[in-house]
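Before any comments, here is the structure.
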Amino acid sequence: MHAKLLYAALLSLALAGTGPAQSPDDRGYSDPRFPGEAPLPANHLLDRVKTLEKRERELTRRLEQLPPLESKIAPSHQYFGYLSRQQPGSATNDAWAAWVDLSFFGKWTASVDGIALVPAYYPAFSAEENYGFPKRFRIEVFSHQAPEVPVTVADWTAMDFPDPGLHPVFFSFPPSDVQTVRLTVTRGATEGTSQFFAMDELMVFQQGNNVAPPAYQRLSASDSYEYPPYWKLQYLTNRKIHIGDYFHTAHDVDDFVQYFDPETLRAGHPQILIDLGAVRPVGRVELYPAILSGTPIPEFAFPLKYRVELLKQPDDDKAVLSRIVEDTLPSRMRWHALSSAKGRFVRITLLELPLRNERPVFAMGEIRVIGRQGGQVENFADGKKITTVHFPEDELADTGLLVDGFSNGRKIIQERLYIQQLAERKMVEQELAQTRERLLIARATRTSRLWMSGISGGTILFFALVFWIALQRTLRQKALLRLRQQIAADLHDDISSNLGTISMITQRLQQDASPSLVKQKLTEIGHLAQESFVSVKEIIWHMDSDIVYLSEMLDQIEKTARSILSCRVDCRFPTPKGIPIPARIRRNIMLLVKEVLYNCAKYAGARSMLIRADVRNAVLELSMKDDGCGFDPACATVADSESGRGLTNMKRRARLLGAGLDIHSAPGQGTEVTLKMPLK
């Protein structure tokens, strides 16, 4: 796979930089790339791939619209075309020049506007390549007014002409007065130490029609290898070419097919009479055989013997021109020259028909009567009335199919257009091949870049993951450090302070052991021991709990209250689900709650404590109300926790929580502390 991509890359680069060279004097042949094509964007690979894919689709659609090149239509044993004699290899230095002249009779070729060269097809040489197409040549035309002054149509004597394969090559130029067409070859095809050139057909177009057939001109050449029925100078304009379904583009239309009974044929030979509407100068009659379904030979149902006549009146016994044809050579179009004779009716008499299933059959795709009217070449038979004689009346096929412009499911088009489309097909095929090579390279490059991007992205992701793990480890270590510092601070603030106070009380009792003092101090020691016990339990709870929800914190508040207070405790909590409480938040809440509970236990002398919690609009409202002795908040000393009952600490923790704190109390009326904190 990699080797194929590498080969495609090298080939695409080579094709991109070495398109077929063009002579500046060439007026007809163009580069395989379509003119006006915008350059492909090279700075954005995805856009390049999309542009190439779009171009590939356009070229594929255009190729489907062009007629196919169907070589090997002509029989493999005759009529290959013109072949020059071989020259020695020393003549390859352009000193040799072989020529062919085509000179027209009369002065009616004033609007010649195109010349085509059809490469020779020689099956013994190659089934895919042309035989002997010249490498360097020049095409010139001479007018009636200046028969000695050439006008160059194409000059490829300075560089080799791109190999056309089996496709025709077309050269167009402004309509000109032409008496003679000259093809001069300065370098032919090489064979061993010799060179030569060969050509299937030389076509000269006037108003879309080829006027080069023998009826209108004479041929001469510098030399010719004459070997009928294979090679002959006259075969250069005999209209027998290898390039397929002559003058057609695809359509789905039926052809005229008629079967006969022997009894019908005994009454006389079948005749087809075409009324041209008026007396016309008829140059030729074209007959297009139809392909009969299921037959191995395309022209199986074409008459074996027939007669073509031009009449001025349908009942004349004497025709203007009459010719009996007996030609078994398969061909996609039969040409019958009438030399511009004048007549109104064309009669075709079927003298001998082939048999299929023991029944005579006749199949015809189209009949065209070509002539000149007002300087224009026209088909006089197009859509005209047809009369038949000695045809079966009850089973007569639609005679309109003989002049509908279609044959073998294809529309008959001008010879010039057909040759141009075949020449264009070669260019489209070349560009399509180049586009597919470039597309292969672009896709391969895109794939490699995607792989590189994936590898780069994976590498970045890997290092980002390593960095994230290291960062999380660092953050965890910092969190553990903060936890240790917090535990140390809690132990210092709560446990150490309480133990120190117990030590001081013990020393004082040693100095003064009066019963009343002992009872008072033992009560204080009990409170301090209870506070220390609760603090140790909370420290353990904070350490064991990674994620704590509101319901768990409220349960812990209830346990703490029942551990600290000796009075009745009534808790009324909601059952919220899925509200996490961060460690810093719950620690400050618990410390504030403990401050309230310790004040109640130490100073209030309460018989009951009511703790309520509610969550409304993402706000936690926590209320703690006792029925103790109460106090006057206005007289509280903020700096002294013994007398101020820790109000300063509670307000400071409420500020840290971003919460509101309300304290309602009066002597003899108990105390209520309410905390309102947003749960964000």
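The values are calculated or read from the model by the stated rules, or taken from the named source; none is laboratory data. Note that this is a predicted model, so its numbers are computed, not measured. Quick reminder, even Gly has a Cβ in these numbers, built from the backbone with ideal geometry, and neighbours come from all protein chains shown. Protein only, heavy atoms only, side chains kept; ligands, DNA and RNA dropped before computing areas. Shrake-Rupley method; radii C 1.70, N 1.55, O 1.52, S 1.80 Å.
Remarks
- Amide hydrogen neighbours beyond the local backbone of residue 187, cut-off 5 Å, H modeled: 135, 136
- The heavy atoms of residue 571 offer some 30 square angstrom of accessible surface to a 1.4 angstrom probe.
- Net charge of neighbours whose Cβ lies under 14 Å from the Cβ of residue 183, counting Lys and Arg as +1 and Asp and Glu as -1: -1
- Label-zone membership for the stretch 349-371, site residue 326, 7 angstrom Cα→C-beta point, backbone N under 18 Å: 349-355
- Length released on extending from residue 433 to residue 261, taking residue separation times 0.36 nm less the Cα-Cα span: 56.5 nm
- Built from the Cα atoms of the stretch 104-247, the convex hull projects on average onto 9.3 nm², one quarter of its surface area.
- Here the simple spin-label model places points 7 Å from the Cα toward Cβ, and for residue 417 and residue 393 these points are separated by 4.0 nm.
- Convex hull of the stretch 433-482 built on C-alpha atoms - directionally averaged projected area, nm²: 3.3 nm²
- Based on the reciprocal of the average 1/r between different C-alpha atoms, the Kirkwood radius for the stretch 265-328 equals 14.2 Å.
- Residue-normalised accessible area of the stretch 358-478, expressed per residue, 1.4 Å probe, Å²: 56 Å²
- Sites residue 234 and residue 463, calculated FRET efficiency, Cβ-Cβ separation with R0 56 Å, nearest 0.05: 0.10
- Amide H contacts under 5 Å for residue 225: 83, 84, 85, restricted to partners 5 or more places along the chain or on a different chain, H placed in the peptide plane at 1.01 Å from N.
- Sequence of 299, 58, 358 from largest to smallest accessible area, 1.4 Å probe: 358, 58, 299
- Here's how it looks for residue 338: its modeled amide H is under 5 Å from those of 284, 285, which are all 5 or more places away or on a different chain.
- Full-stretch length increase - residue 449, residue 473 - with 0.36 nm per residue and alpha-carbon distance subtracted: 5.1 nm
- Projected-area mean, the stretch 297-446, by convex hull of Cα positions, square nanometres: 14.4 nm²
- Pairs of alpha carbons in the stretch 570-673 whose separation is greater than 24 Å (percent): 23 percent
- Heavy atoms of residue 625 accessible to a 1.4 Å probe, total area in Å² rounded to 10: 100 Å²
- Note, ³J(HN,Hα) from phi for the stretch 408-417, Karplus 6.51, -1.76, 1.60, rounded to Hz, x at Gly and Pro: 6, x, 10, 7, 7, 10, 4, 4, 4, 5
- Protein-only accessible surface at a 1.4 angstrom probe places the residues 465, 273 in the order 465, 273, largest first.
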